[in-house]
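A short write-up of the structure that comes next.
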Amino acid sequence: GGVDNASTTEDYTLYWETIPSSLLPVALWLEADRMRNLDISERSFNTEREVVKEERRMRFENPPYGTVVETLYRLAFTVHPYAHTPIGSMEDLDHASLSDIQAFYDTYYVPENATLVITGDFEPAEARALVEKYFAPIARGTASGERSIPPEPIQTAKRRLQITRNVALPAYIAGYHMPADGTPDAYPLRVAARILSEGESSRIQRRLVYEKRMALQAESDGNFTEHPNLFFVFAVLNAGFTPAQVEAELIDELNRFKTEPVPEDELSRAKTQILRDFVVSRESVQSLGEELGYAAVVLKDPGLLDAELDRFLRVTPQDIQRVARKYFVPENSSVVEVYPSQSGITGAK
């Protein structure tokens, strides 16, 4: 017995199996079969398209603020593919053809474009022989290994969009362009995100939700990926407050990083949270394999599986000040204000 699943991010598609070690040959055979013998027929294509459409409805279109983040990404990115969510739009799904799927499969589902990770109880020499047995017969693809992905131009002015949605309360989201994961500035930015909104005692939770009661929900995070992405702050407002009021509070918190070094107790708490997650992500062979694959594919260095923790622990208050001054500036931001449809806001889309 065993379990298996798959997922897709902006940067890669992941397939995994957790199985008894005696079934490693079966898992490798299944993955090799998937790589070259996938059933790409009109019937399977139409069936899976409807599955993805339903997933999009559940994850994006039915939740009250489900499309807000993708609206922000379309505003913030003008040329980079991150403007599009991995799941795509309904229009994308409707317009996709069987020939599109076949061409994508033939281009990218090839050995030289795959990273294979095996963790757990196995003999390396035997595993290598099995990998050769099942994958060596698969022909190489014809596409170049280098992808032509246009870099996003440096943003020089703040962007703002007002939208209406079928929601009960207004919301506010802002995204600040930031560097790719694994770069030196990514580590203090990750720590800053923890300080801002990890736990009920975090800065924007305490300020907006508990003290001023301006927001029902407030959070921040960075979408750390292979290419530069966004650091965002998000809040669902309580009745009687406006996005402009919440924006002023959030900007004030971001500016605190620039002017006030983070106290040692807050910095230590954030690093402890990161250390906890580091340990938890290595408790199972599945999560360990996913972390190793991420280090190899996105960070371009499998050795960072272990070495990366030290980069977090070395972050100083001055590092956080430096990245805040560099990235948390108005001209680097894109803002989406969300209003209830019945609010009568003019000019909103």
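Quick note: the coordinates plus some simple rules give every number you see, no bench work behind them. Computed from a predicted structure; not experimentally measured. Using ideal geometry, Cβ is built from the backbone for each residue, glycine included, and neighbour counts are taken over all protein chains shown.
Structure above, values below:
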| quantity | calculated |
| --- | --- |
| Likely footprinting exposure, 58, 214, 178, fewest C-beta neighbours within 10 Å first | 58, 214, 178 |
| Helix 264-280 vs. the chain, principal-axis angle (Cα, 0 to 90°, nearest 10) | 20 degrees |
| Residue 149 paired with residue 3, simple spin-label distance in nm, labels 7 Å along Cα-to-beta-carbon | 2.9 nm |
| Net charge over other residues, Cβ less than 14 angstrom from the Cβ of residue 96 (K, R count +1; D, E count -1) | -4 |
| Filtered trypsin sites (Lys or Arg not before Pro), segment 196-303: DSSP coil and at most 15 other beta carbons within 10 Å | 212, 213, 282, 300 |
| Total charge dipole magnitude, the chain, about the Cα centre, Cβ charges on Lys, Arg, Asp, Glu only, Debye to nearest 20 | 1280 debye |
| Gyration tensor verdict on segment 198-268 (Cα atoms; rounded if a/c is under 1.5, prolate if a/b is larger than b/c, oblate otherwise) | oblate |
| Sorted by Cβ density within 10 Å, fewest first, the residues 135, 257, 122 | 122, 135, 257 |
| Between 0 and 90°, nearest 10: helix 304-313 axis offset from the chain longest Cα axis | 20 degrees |
| Alpha-carbon centroids, segment 1-80 and segment 248-301: separation in whole Å | 26 Å |
| Overall form of segment 234-296 per C-alpha gyration tensor (a/c, 1.5; a/b vs b/c) | prolate |
| Counted charge near residue 195, where neighbours are those whose Cβ lies closer than 13 Å (Asp, Glu -1; Lys, Arg +1) | -1 |
| In degrees, nearest ten, helix 317-327 long axis to first principal axis of the chain (Cα) | 90 degrees |
| Within-13-Å neighbourhood charge of residue 281 [Cβ basis; K, R +1; D, E -1] | -4 |
| Neighbour-count ranking [beta-carbon atoms within 10 angstrom, fewest first] of 121, 319, 181 | 121, 319, 181 |
| Diffusion constant of the chain at 25 °C, which comes from Stokes-Einstein with the Kirkwood Cα-pair radius and 0.890 mPa s, µm²/s | 108 µm²/s |
| Cα shape, segment 159-343, gyration tensor, a/c 1.5 rule | prolate |
| Debye, to nearest 20: dipole size of segment 18-59, +1 on Lys, Arg Cβ, -1 on Asp, Glu Cβ | 200 debye |
